[in-house]
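The values are calculated or read from the model by the stated rules, or taken from the named source; none is laboratory data. Predicted model only: the values in this text are computed from it and were never measured. Please note: Cβ atoms are built from the backbone with ideal geometry, for glycine as well, and neighbour counts cover all protein chains shown.
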Amino acid sequence: MLLSLDKTDTRPLHEQVAGAVRRAIAEGECAPGDRLPSARDLSEALDVNVNTVLRALRGLRDEGLLEFRRGRGVTVAEGARPHSELQIRVGELLAEAARLGYSRTDLIDMIRGLP
Amino acid sequence: MRDGTATRATTTGGAVTALWTAGVTVVLAGMPLLARDRLPDRLATHWGLDGEVPDGSMPLWAASLFPALIWLVTAAAVIVPLLRAGPAAHPWTTAVLLPMGIVLTGAQAAVIRSNLDRADWHEARQPTGWVVAILVAAVLAGVAGWLLVSRRRGTPDDTATPDEGAPALDIPKGRRLVWFSRSANPWLQLLAAGTGLVAVGALVALVGGLAAPGSLWSLFTGCAVASVACAIFSSVQARVSERGLEVSFGPLGWPGRRWAPGDIETARMEVRRPAEVGGWGYRFSGLGTTVMLRAGECLVVRPRGRRSDFAVSVDDAERGAALLNALRTNGKRG
């Protein structure tokens, strides 16, 4: 699998790492059931602290994209691909809204107002 | 043009191998028969480590056929897989068959000489000087043959331009790309588990004093070593990052090898089969070092300043090679 990190990104590192893994899942770099490289491997290759990587992986597990299994490491969850695509689109929506001057709450209100 | 030369070189190599195999066979089988008038009915063929007196013998016909048979089986075991693999794996034939032929021929000559003009095989004396001379000659011949063949093979490769046709990935500015891949061989994992179980069983029997310790210890040691070796080489992880190429073995990721991007001359993808590199696991052959866990895509790198390649059988090797090439050229520019 190929992971890509933007060196000019100013977001917190754990969010960047989570974003990279999310994008890899969305692009089919790793299929459901595939084992992810270990947190140590990821941290060494991406040159990021191992705790940052673990924080990112735990976040993705809470989103339902990853599963932590004892003895099998971290695997991609069933149905993770459409899930991660949606997550990415929500992220893009947030960024676009911010660019146009809408806050998160504005956006939530807009979504609530939809029929 | 180069293909023509290569084919001719292969044919010559094949002819030399065939001639050497046939020649050694004839000499091994023929020597006792030629000298049969001056030999006893049974030949002394084995001497103990401590004494001058022989402790093993064979009838004349067996002493003639047995070494020839060993030789033919070895030659077949070396040549047949290489025939399927093509000319690339060639240095092994020389490195194995040359010293092996010398050892067998020398041993046969020594046996004949010590039995010559004896009335009974018990009178034959151990040819110690001969044995030492034969071993030295065999080692020298093996080293010389290996150097000769690998040098001859190495020359055309050195003139090839490394960048020619090497895939390269376009790394967008300000991006950090990393590539991960792995592969595993379920049969080796199964073998590791099986031998591991036997080792544990032997250890339990040893501790419980259920059986005689002598053979049990060797069973335990053998199975434990086999299990660990199989486990280490049953799976492999490869990753390419700004640190270069890192290859690690086994479930623990140890041992491992690493090359910085600057240490690599070129990277590419190649499809290889176990028959081409001499089997599964960590293999040395005419193609260089190969970590072969399954047939198919291999990531192949040529380390800087080396004449041989390192290859590892992992999926998606094409992109790994492309990323490695891109990192290498970026590093050169920056």
**Residue, farthest from B:ASP41 (Cα to Cα), within the range B:113-144, restricted to residues that are surrounded by 19 or more Cβ atoms within 10 Å (Cβ to Cβ) and hydrophobic (A, V, I, L, M, F, W, C)** = B:ALA138
**Asked** Would a scan of the range A:64-72 turn up a residue that is under 24 Å from B:GLY244 (Cα atoms), free of Cβ contacts under 8 Å to residues at least 60 places away in the same chain and in contact with a strand residue (DSSP E or B) (Cβ under 8 Å, 6 or more places away or on another chain)?
**Response** no
**Prompt:** Of the residues B:ALA260, B:ALA202, which single one is in the same structural domain as B:TRP280 (by TED's automatic domain parsing), without any contact (Cβ under 8 Å) to a residue 40 or more places away in the chain and aliphatic (A, V, I, L, M)?
**Reply:** B:ALA260
**Request:** For the range B:312-334, name all the residues that are within 17 Å of B:SER183 (Cα to Cα) and touching a helix residue (DSSP H, G or I) at 6+ places or on another chain (Cβ under 8 Å).
**Result:** B:VAL314
**Residue satisfying all of: in the range B:301-325; closer than 12 Å to B:THR266 by Cβ and assigned to a helix (DSSP H, G or I); farthest from the other protein chains (Cβ to nearest Cβ) among these** = B:ASN325
**Extreme residue, farthest from B:PRO167 (Cα to Cα), among residues of the range B:223-257 that are in contact (Cβ under 8 Å) with a residue 24 or more places away in the chain and of a type in the set (S, T, N, Q)** = B:SER227
**Prompt:** Is it true that some residue in the range B:99-107 is assigned to a helix (DSSP H, G or I), within 19 Å of the chain's Cα centre (by Cα) and modelled with pLDDT under 80?
**Reply:** no
**Complete:** Those residues of the range B:183-228 that are touching a Lys or Arg at 6+ places or on another chain (Cβ under 9 Å) and buried (at least 17 other Cβ atoms within 10 Å of the Cβ) come to a total of 2
**Filter result (of a type outside the set (Phe, Trp, Tyr), buried (at least 16 other Cβ atoms within 10 Å of the Cβ) and in contact (Cβ under 8 Å) with a residue 60 or more places away in the chain) within the range B:36-75** = B:LEU39, B:PRO40, B:ARG42, B:LEU43, B:ALA44, B:THR45, B:PRO54, B:SER57
**Asked** Given the residues B:GLY288, B:GLY244, which is the only one that is over 30 Å from B:GLY196 (Cα atoms), small (Gly, Ala, Ser), in contact with a Phe, Trp or Tyr (Cβ under 9 Å, 6 or more places away or on another chain) and within 14 Å of chain A (Cβ to nearest Cβ)?
**Response** B:GLY244
**Item:** Residues of the range B:110-141 satisfying the condition of being basic (Lys, Arg) and either in a helix (DSSP H, G or I) or touching a Leu at 6+ places or on another chain (Cβ under 6 Å) (or both)
**Value:** B:ARG113
